[in-house]
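For reference, the structure I am asking about is given below.
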Amino acid sequence: MSGEFKIYTKTGDDGTTGLVGGSRVKKYDLRLESYGTVDELNACIGVIRSFEIGADVQELLLKIQNKLFNIGSRLASDEKGEEFTAQLIIKAEDIEMLEKAIDAYHEELPELRNFILPGGELSAAQCHMARTICRRAERRIVEFSEQTPVQPELIKFINRLSDYLFVLARKLSHDKGVDETNWEY
C-alpha cells in the first residue's frame, strides 16, 4: 500500500460507514456487527500475543490475526469490493492449520473430564475471553450469511478458531503449572 491513511475522514459523522467497493451502510448494520466483532477478536488475540508465551504460539497467533484481517476485509466488501478482496479467501489448509495445533496441544494436556471455568493464568484467561468473542463473531457471521453469501470456509475457520482458543487456554495454564478450575454444580 502506498500513501498515508488519514485517521479521520468525517464521512461517518452521519451514522454510516463505507464498505470496500464504495457503498455506504448504517453503522448498526449486521455486516458491520460481523466484521466489527472479528476486529474485536483480532484485538483480543493481540493482547494474548503480548504475554510471555512460546514463539511457536506467537507465530501461529500472528498468522491467525492476518487471517482475521482477511475475513474482516471480505465481510466489509460489497459486490464491487468482492473483486478487490477475492484473493483473501479462507482455504482448507487454514482450517487444517488450526486443527493440527489443536491436536498437538491436546496430546500434551491431561484428559478433560469436567467443564472448566474460564480464568486461571492471565494469558489463559485472555484466551477464554477471545474464545467467547469468537463465538459471538460466529453467531453474527452466520446470521449475516442468511442475507448475504459468505464463504463457507470462513465460517468453518471461525468455528475452529474458538476450539483452538479453548485448547490454547488449557495449554498455557498447563505450561505455566496453573490448575484449571472445574465447574462445581
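Just one of (1) assigned to a loop (DSSP other than H, G, I, E, B); (2) within 16 Å of Arg140 (Cβ to Cβ); (3) touching a Ser or Thr at 6+ places or on another chain (Cβ under 8 Å) trips up Val25, so point out which.
So the condition that Val25 fails would be (1).
Quick check on this structure: which one of Lys91, Lys67, Lys63 is within 22 Å of Thr37 (Cα to Cα), surrounded by 17 or more Cβ atoms within 10 Å (Cβ to Cβ) and either more than 13 Å from the chain's Cα centre (by Cα) or not acidic (Asp, Glu) (or both)? Walk me through it before giving the result.
Values: Lys91 fails: surrounded by 17 or more Cβ atoms within 10 Å (Cβ to Cβ); Lys63 fails: surrounded by 17 or more Cβ atoms within 10 Å (Cβ to Cβ).
None of the other options fit; the residue is Lys67.
Okay, moving on. May I ask you to verify whether Glu82 is modelled with pLDDT under 90 and either surrounded by 12 or more Cβ atoms within 10 Å (Cβ to Cβ) or not small (Gly, Ala, Ser) (or both)?
yes
Could I ask something else about it? List, please: which pairs have Cβ atoms under 8 Å, are six or more places apart or on different chains, and start with a residue in the range 119-133 that is surrounded by fewer than 19 Cβ atoms within 10 Å (Cβ to Cβ) and end with one that is of a type in the set (A, V, I, L, M, F, W, C) and part of a loop (DSSP other than H, G, I, E, B)?
Correct list of pairs: Leu122/Phe51.
On to the next question. Any idea which of (1) touching a helix residue (DSSP H, G or I) at 6+ places or on another chain (Cβ under 6 Å); (2) modelled with pLDDT under 95 is the one Thr148 doesn't satisfy?
In the conditions (1) touching a helix residue (DSSP H, G or I) at 6+ places or on another chain (Cβ under 6 Å); (2) modelled with pLDDT under 95, Thr148 misses (1) alone.
On to the next question. Across the range 53-67, what is the number of residues that are of a type in the set (A, V, I, L, M) and touching a residue at least 60 places away in the same chain (Cβ under 8 Å)?
Residues that pass the stated criteria total 3.
Tell me yes or no: at least one residue of the range 118-130 is in contact with a Phe, Trp or Tyr (Cβ under 6 Å, 6 or more places away or on another chain) and of a type in the set (D, E, K, R).
No, the range 118-130 has no match at all.
So which residues in the range 10-52 are under 17 Å from Asn159 (Cα atoms), touching a Leu at 6+ places or on another chain (Cβ under 7 Å) and of a type in the set (S, T, N, Q)?
Ser34, Asn42 - these are the residues of the range 10-52 that are under 17 Å from Asn159 (Cα atoms), touching a Leu at 6+ places or on another chain (Cβ under 7 Å) and of a type in the set (S, T, N, Q).
Which residues, taken from the range 137-152, are surrounded by 15 or more Cβ atoms within 10 Å (Cβ to Cβ), of a type outside the set (Gly, Ala, Ser) and touching a residue at least 60 places away in the same chain (Cβ under 8 Å)?
Arg140, Ile141, Phe144, Val150, Gln151, listed by residue number.
The values are calculated or read from the model by the stated rules, or taken from the named source; none is laboratory data. Keep in mind it's a predicted model, so treat the numbers as computed, not measured. Don't worry about glycine lacking a Cβ; one is built from the backbone with ideal geometry, like all the others, and counts go over all protein chains shown.
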